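What follows draws every value from the coordinates through simple rules; no lab data is involved. From a predicted model like this one, the values you see are computed outputs, not experimental measurements. Using ideal geometry, Cβ is built from the backbone for each residue, glycine included, and neighbour counts are taken over all protein chains shown.
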Amino acid sequence: MACREQGVRKEAGPANTAAHVMDNEPYPAVHEFAAQAFFRAVSPGSDSVSEHFYTDANDANRMYHIRAGRIFSKRDTAAFRLHTENDTTIIATLYSYQEGFWKETDTIAMHIYRFSPSDLRISYADHDFDGYTDVFINCYTSMGLAQGFGYLLTYSPAERALVLHPETIAIPDLEIDKAARMLVSKTTDRQSTKWMIRYYKWVHDSLQLHSEKTIPIRH
């Protein structure tokens, strides 16, 4: 992974560091509110999370999301940016606030079949049960059964990086079962006659099928 410092001097204030880190933003229209998100995340006494979402009314393929603050843990200040490069590629970028300035610490490109703003949902929760918040990006919904599919990015605090789990793009309707410490996929067949429930467990940082069962649906 590439780790690139933004070149901001340590004595620069939060507003300046925020402005500088936004110089490489892909969409000029988002520059102002994105810079505000970085600024608010490091404002004195701030313990809040700033989140912004942008879509272009003239181009359905253009999407931009940023969330900044203590979004992965209560100790670290970070920012997560997601944007579309084109209709089949989305880019996730992670920033870390260290010693008075922002650093871009990770960038991940993810392939999707075709971007649709109506299908996109971004959720933040602990998916691997390590006490740190992760990011799930629902990228699209299948036709007919209306099943959601997406990518899971887990947070690695030691490296200040995101870990992509590409296997999740093939698992529909993924949910968290905290009690069992597993992820669960619950879907129906095309005739809606039974539930198909699959339980996934973490094995060496990979999500693997643990067990499955079917339950008849009573109408």
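Observations
- Cα-based shape type of region 71-155, given that a ≥ b ≥ c are square roots of the gyration tensor eigenvalues and the cut on a/c is 1.5: oblate
- Annotation for L164 and S142: the two label points, set 7 Å from Cα along the Cα-Cβ direction, are 2.2 nm apart.
- Within region 140-219, GluC sites (Glu not before Pro) in DSSP loop having at most 16 other beta-carbon neighbours inside 10 Å: E159
- Between K186 and Q98, the simple spin-label model (points 7 angstrom out along Cα→Cβ) gives 4.2 nm.
- Set of lysines near K194 by C-alpha distance (under 28 Å), chain-local residues within fewer than 8 positions excluded: K178, K186, K213
- Order of K213, K103 - criterion: other Cβ atoms within 10 Å of each residue's Cβ, fewest first: K213, K103
- Cα shape, region 83-219, gyration tensor, a/c 1.5 rule: oblate
- Once the Cα-Cα distance is subtracted from the 0.36 nm per residue extended length, the D56 to E212 segment shows a gain of 52.0 nm.
- Compared with the direct C-alpha span, the chain from I122 to E85 gains 11.6 nm at full extension, assuming 0.36 nm per residue.
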